[in-house]
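I have placed the structure first, in the form of structure tokens, so that the comments after it can refer back to it.
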Amino acid sequence: MTATTPKVLDVKEAIETRRSIRKYVQEPMNQDDLHEILRLASLAPSAWNAQTWRFAVVQDAAIKQQLQDAAYGQGQVTNAPAVIVVYSDMEDTLQTVEETAHPGMGEQGREGQRKTFDGAFGSQDVAQRGQWGLSQANIAFGFVMIAARGLGYDTVPMLGFQPDKVKEILGLPEHVQFAGLLPVGKRAEDGFPHHRHSVERITKFY
């Protein structure tokens, strides 16, 4: 293992050491690591295997500056070497839904997938089904954070931004919905330790 190769953490350690980091080491992302983070995130589960999530990865300095402006000037956007924009595109999912049917199910599976989605969402408007798609993308958003930490990187989830401006900057369709912006890189600060409710505070056991 070289000095620049991060230690791979197990899931428990990745979760326990994750912090919201806003200052990053000023070096480019290792592109192999970046692709691996996205590959792992793409393994997130979704209802009917819909996979409504999409990723826009921004490393260009000028575009990051535009995103920072759309995020009310929050400095972590340009401080991080990369920003992963996680969004849901339910309309693309519906147009290509046969792709989500498992190959092992054959043509019958592809036809069944189309029938299922048309029946469930065909009568809904774009905003209604978009909300369902976002609920699936939110799962992948969490997976990105854990995958990044597992490979030795850090993130900070962001919901404070202007969606319409981000769509314009990235050339995204009007109907997409955002799980969030996710600056990612190697931490240049420790961040605050976890401060969470106890399990007993947030749980009812039956």
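The values are calculated or read from the model by the stated rules, or taken from the named source; none is laboratory data. Values in this document were obtained by computation on a predicted structure and should not be read as measured data. Every residue, glycine as well, gets a Cβ built from its backbone with ideal geometry; the counts of neighbours run over all protein chains shown. The protein model used for the area step is the full one, side chains on, heavy atoms only, and it has no ligands, DNA or RNA in it. Shrake-Rupley method; radii C 1.70, N 1.55, O 1.52, S 1.80 Å.
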Rounded to 0.05, the calculated FRET efficiency for the beta carbons of residue 206 and residue 47 at R₀ = 22 Å is 0.35
Longest principal axis of the chain (C-alpha) makes with the long axis of helix 106-121 (C-alpha) an angle, in degrees to the nearest 10, of 80
Note, the range 180-190: 3J(HN,Hα) by Karplus (6.51, -1.76, 1.60, θ = phi - 60°), whole Hz, Gly/Pro = x, goes x, 9, 9, x, 9, x, 8, 5, 10, 8, 7
In terms of the charge dipole of the chain, which places +1 on Lys and Arg and -1 on Asp and Glu at the beta carbon, the residue among 119, 203, 157 farthest towards the positive end is 203
Non-local residues with an amide H under 5 Å from the amide H of residue 152, with H modelled 1.01 Å from N and Pro and chain starts lacking one, are 9
The size of the Cβ-based charge dipole (Lys, Arg +1; Asp, Glu -1) of the range 43-180 about the Cα centre, to the nearest 20 debye, is 340
Measuring from the longest principal axis of the C-alpha atoms of the chain, the long axis of helix 31-41 (C-alpha) lies at a number of degrees, nearest 10, equal to 50
Here the percent of antiparallel bridges among DSSP beta bridges lying wholly in the chain, to the nearest 5, is 95
In degrees, nearest 10, the alpha-carbon axis of helix 126-150 is tilted away from the dominant principal axis of the alpha carbons of the chain by 40
For 169-182, 101-114, ranked highest to lowest by mean beta-carbon neighbours within 10 Å, the order is 169-182, 101-114
Shape call for the range 88-176, from the Cα gyration tensor axes a ≥ b ≥ c (a/c under 1.5 means rounded, otherwise prolate when a/b beats b/c, else oblate), comes out oblate
Per residue, the convex hull enclosing the alpha carbons of the range 10-85 has a volume in Å³ of 130
For the range 56-206, the percent of accessible surface on carbon and sulfur atoms (probe 1.4 angstrom, ligands and nucleic acids excluded) is 52
At the level of C-alpha centres, the distance separating the range 150-206 and the range 19-68, in angstrom, is 11
The farthest towards the positive end of the charge dipole of the range 89-206, of the residues 100, 193, 138, given +1 on Cβ of Lys and Arg and -1 on Cβ of Asp and Glu, is 193
Karplus ³J(HN,Hα) for the range 97-105 (6.51 cos²θ - 1.76 cosθ + 1.60, θ = phi - 60°; Hz, whole; x = Gly/Pro) runs 4, 4, 5, 8, 6, 5, x, x, 8
Relative contact order in percent for the chain (Cα pairs under 8 Å, 6+ apart) equals 36
